[in-house]
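The values are calculated or read from the model by the stated rules, or taken from the named source; none is laboratory data. Keep in mind that what you see is a predicted model, and the values were worked out from it rather than measured. Counting neighbours? That spans all protein chains shown, and the Cβs are built from the backbone with ideal geometry, glycine included.
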Amino acid sequence: MTYEELLIKMALEDERIIVMTAENRALVRNAPKALGARFIDTGITEQTMVGMAAGLALRGRVPIVHALAPFLTMRAYEFIRTDVGIAHLPVKLSGYIPGFLSDGNGPTHQSIEDVSIMRGIPGMEVYCPADEDDLVKMLPAIWTSPAPAYTRINHKKGSYSHAAYQPGKAEVVAEGSDVTLLVYGFLFENALQTKELLEKEGLSVGLINMRSLKPVDEGSIVRAAAGSRHLVTIEDHLLTGGLYSIVAEVLLRRRMTAAVTPLSLGERWFRPGLLGQVLETEGFTPGKMATKILNSSTYA
Amino acid sequence: MTNSELDSLRSTALKVREHIIRLSEGGGCFIGASLSCVELMVYCYARVIRRDKDQPMDPRRDYLFLSKGHDVPALYGTFVEMGLLDADRLRNHLSTEDSIYWHPNRQIPGVEFHSGSLGHLPAVAAGVALDCKLRATDNRIVVITGDGELNEGSVWETILVANAHGLDNLTIVVDRNHFQANIRTEELVPLEPLADKFEAFGCRVTRVDGHDLRELERAFAASVEEKGKVKVIIADTVRGKGLPSIEARADRWFCAFTATEVAQLLEELHGNVAASIESETLVVR
C-alpha cells in the first residue's frame with residue numbers, strides 16, 4: 001500500500017478527515033477525484049492552510065495537511081505553534097522531502113531542523129518512518145490519535161519488513177553488545193547495511209529504528225545504553241535538537257552516561273546534488289558510516 | 001431596529017465602556033483599541049451572532065472571532081452585559097487564578113478561539129467557514145481585525161484563499177481606528193484607499209461609521225448580499241472613543257490607571273468633565 005492509497009482509504013472511511021495541501025500535490029495526485037470537496041488545495045499559502053486546518057479541527061475535523069517539510073514547519077511555524085499547539089488540535093502535518101530527500105534543491109529546501117523545532121511545541125508528536133512499509137504501518141495510529149502530529153514523510157521502498165507499529169515505541173531490529181545504532185527515517189536503510197559491515201569486522205551490533213521521536217521510547221535508549229559499550233546516533237538533521245540531543249536528555253534524566261557518537265549534519269546545510277552523491281559527500285553511505293564508527297575513540 | 005432598541009444598545013455600549021475603563025486600573029489594558037470597537041462588539045452580539053446561551057457549543061451557532069485580541073476588554077464587557085460572563089469575574093483581571101488577561105482565550109466561555117498574535121484568526125475563521133460550507137449549514141462567521149493588523153501578509157493571503165473557495169459566509173470587520181500601536185496607520189504603512197484594496201482582492205466591501213449603530217445595521221444587512229464573495233465591513237472608529245483624555249492620541253496605547261484616575265475617566269465618559277488626565281505619555285507597552 002502506498003501513502004496515497006492509505007490516505008484515501010482512511011479518508012473514505014472517516015468523514016472527519018480533510019486532506020489539505022499548499023499546492024504540493026506529489027503525494028496526493030488522486031485525492032481530488034477520490035475525496036471531492038474534502039480535498040482542499042489552498043495554493044502556496046502554508047500559513048493560511050495551517051490556520052484553516054485549526055478552524056476545521058475546531059469543527060471536529062481531522063485535517064491532514066501537506067507541504068514541503070521546510071515550508072510547512074518554518075513558514076507556518078507560528079501558526080502551528082499558536083493555532084494548533086496552544087489549542088492542542090488534531091491537525092496532522094505531513095512534511096514532504098525532509099532531510100536528505102530534498103537532494104538537489106539546495107539549502108532553502110533542506111528541512112534539517114524540523115525535529116528540533118517541532119518537538120519544541122508542547123503536545124506536538126514527531127514521527128519519522130524508515131520507508132514506505134514503515135510509513136503505512138505507523139500512519140493509522142498517528143492519524144487516529146487526538147494529538148497534533150508532525151510526520152517526516154518518507155515513501156522510499158526499503159528492503160526491510162517492519163514489525164507492527166506500537167504507538168510511541170521504537171522498533172528494535174537487533175541488540176548488540178559492542179555498538180548500537182540509533183536511527184530514524186530515510187537513513188534506516190543505510191544503517192541496516194552499516195550494521196552488516198560492522199558485523200563483518202567482528203562487532204556485535206544493535207540497531208534501533210526510532211520511529212517516534214516524540215514521544216520517544218526512553219526504554220529502548222536506556223536498554224541500549226546499558227547493553228552496548230557504544231551508541232551511535234544517525235540522522236539527516238542538524239546536531240542541535242535532534243536524536244543526539246534526545247538521547248542526551250534521556251540519559252541525563254536517568255542519571256546515566258554513555259559513549260555516544262553523533263553522525264549528523266553538525267551545524268551546516270548539506271551540499272546539494274543527486275541523492276547518491278549527497279550521501280557520499282556527506283559521509284552517510286554504509287561504508288563511510290562504518291569507517292567513522294570503527295575510527296571513533298571507543299575502538300582506538 | 002426600533003428607537004427603543006437603539007436606545008437600549010446605546011445604553012449597553014455605555015456600560016461596556018465602563019467595564020473597559022475599570023479594567024485599565026492597576027495592571028492596565030489596551031484601553032484605546034478596546035473603546036474603538038464597543039459599538040461593533042455590542043451590535044454583533046445583540047443583533048448578528050445567533051447563539052443559544054444554553055447550548056454554547058451548538059455547531060449551528062454563529063461564530064465571532066476576535067483577531068485583534070488586545071481589545072478583549074470590549075469583548076468581556078459585552079459578555080457581561082449579554083449575561084454570558086459574571087461581572088465579578090472581571091475583578092480577577094490579571095490574576096493567575098483566573099484567565100482574564102490581556103488577550104482572549106477559551107477558558108472564558110463564549111470565546112471561540114485565543115488570539116494575540118495578529119493575522120491568525122482570519123485563517124482560523126476561514127477554516128470554520130469552509131467546514132460550514134462543506135456541511136451546508138447557514139452559520140455566519142464574523143472576524144474582527146484591527147487596521148494595523150492589516151500590515152500582516154497572512155490577512156491578505158487568507159482573503160485570496162477564502163475568495164477562491166467562495167466563503168461568502170465569512171465577514172471580516174475592520175476596526176478602522178486609524179492607529180497602529182504607536183503611530184497613525186497612514187504615517188507608517190498607509191492603508192488607504194482601503195476599500196479598493198479589499199475589492200481588488202475580490203471582497204464585497206461596505207464602509208460605515210463604526211460608532212453609529214444604525215449604520216452598522218445597514219452594513220451587516222448589506223453584507224449578506226452577493227454570493228461567493230467574502231464580506232468586508234470597514235468600520236471607521238476613533239481610538240479611545242468616549243474619553244477625551246484618550247481619544248485619537250498616539251501615546252495612549254496601553255494604559256494603567258490609578259483608582260482615582262479611573263473615577264475621573266468614568267466622569268469623563270458620562271460627560272461630566274472634559275479631558276481629566278493630563279499627563280503626557282502614559283504607560284506604553
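Below, the figures for the structure above:
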{"item": "Condition met for A:PHE79 (away from chain B (no Cβ under 11 Å) and in contact with a helix residue (DSSP H, G or I) (Cβ under 7 Å, 6 or more places away or on another chain))", "result": "no"}
{"item": "Single residue of segment B:21-76 satisfying the filter (outside any helix (DSSP H, G or I), without any contact (Cβ under 8 Å) to a residue 40 or more places away in the chain and not basic (Lys, Arg)) that is farthest from B:ARG140 (Cα to Cα)", "result": "B:ASP54"}
{"item": "Test: residue in segment B:199-211 that is among the basic types (Lys, Arg) and either in contact (Cβ under 8 Å) with a residue 40 or more places away in the chain or surrounded by fewer than 16 Cβ atoms within 10 Å (Cβ to Cβ) (or both)", "result": "no"}
{"item": "Per-region count, segment B:165-189, residues assigned to a loop (DSSP other than H, G, I, E, B) and of a type outside the set (A, V, I, L, M)", "result": "8"}
{"item": "Residues (basic (Lys, Arg) and closer than 20 Å to B:LEU134 by Cα) located in segment B:51-75", "result": "B:ARG60, B:ARG61"}
{"item": "Qualifying residue in segment B:126-143 (condition: at the interface with chain A (Cβ under 10 Å from one of its Cβ atoms), touching a Gly at 6+ places or on another chain (Cβ under 6 Å) and closer than 20 Å to B:ARG61 by Cα)", "result": "yes"}
{"item": "Filter result (surrounded by fewer than 23 Cβ atoms within 10 Å (Cβ to Cβ) and within 17 Å of the chain's Cα centre (by Cα)) within segment A:221-243", "result": "A:LEU238, A:LEU239, A:THR240, A:GLY241"}
{"item": "Given (1) more than 14 Å from chain A (Cβ to nearest Cβ); (2) more than 21 Å from B:ALA46 (Cα to Cα); (3) of a type outside the set (Ser, Thr, Tyr), index of the condition B:ALA219 fails", "result": "(2)"}
{"item": "Which listed residue, of A:ILE97, A:ILE86, A:ILE112, A:ILE117, is within 14 Å of chain B (Cβ to nearest Cβ) and at pLDDT 95 or above", "result": "A:ILE86"}
{"item": "Selection count where residues are more than 19 Å from A:ILE97 (Cα to Cα), within 10 Å of chain B (Cβ to nearest Cβ) and either in contact with a helix residue (DSSP H, G or I) (Cβ under 6 Å, 6 or more places away or on another chain) or part of a helix (DSSP H, G or I) (or both), scope segment A:8-28", "result": "1"}
{"item": "Residues of segment B:85-117 satisfying the condition of being among the hydrophobic types (A, V, I, L, M, F, W, C) and away from every other protein chain (no Cβ under 11 Å)", "result": "B:LEU85, B:ALA87, B:LEU90, B:LEU94, B:ILE100, B:TRP102, B:ILE108, B:VAL111"}
{"item": "One residue from A:LEU251, A:LEU294, A:LEU203, A:LEU197 being over 28 Å from A:PRO107 (Cβ atoms) and in contact with a Pro (Cβ under 6 Å, 6 or more places away or on another chain)", "result": "A:LEU197"}
{"item": "Matching residues, segment A:29-68, being in a loop (DSSP other than H, G, I, E, B) and either touching a His at 6+ places or on another chain (Cβ under 6 Å) or within 14 Å of chain B (Cβ to nearest Cβ) (or both)", "result": "A:THR42, A:GLY43, A:ILE44, A:THR45, A:ARG59, A:GLY60, A:ARG61"}
{"item": "Among the residues listed as A:GLY287, A:GLY276, the single one being surrounded by fewer than 13 Cβ atoms within 10 Å (Cβ to Cβ), small (Gly, Ala, Ser), out of contact with any Gly (no Cβ under 8 Å at 6 or more places or on another chain) and at pLDDT 95 or above", "result": "A:GLY276"}
{"item": "Qualifying residue in segment A:89-99 (condition: of a type in the set (Ser, Thr, Tyr) and more than 16 Å from the chain's Cα centre (by Cα))", "result": "no"}
{"item": "Per-region count, segment B:160-172, residues more than 9 Å from chain A (Cβ to nearest Cβ) and touching a helix residue (DSSP H, G or I) at 6+ places or on another chain (Cβ under 7 Å)", "result": "4"}
{"item": "Residues of segment B:81-94 satisfying the condition of being in a helix (DSSP H, G or I) and closer than 16 Å to B:GLU25 by Cβ", "result": "B:ALA87, B:ASP88, B:ARG89, B:LEU90, B:ARG91, B:ASN92"}
{"item": "Close pairs (6 angstrom Cβ cut-off, 6 or more residues apart or separate chains): closer than 15 Å to B:ALA162 by Cα in segment B:224-239, of a type in the set (S, T, N, Q) and modelled with pLDDT of 95 or more anywhere", "result": "B:VAL230/B:ASN163; B:LYS231/B:THR171"}
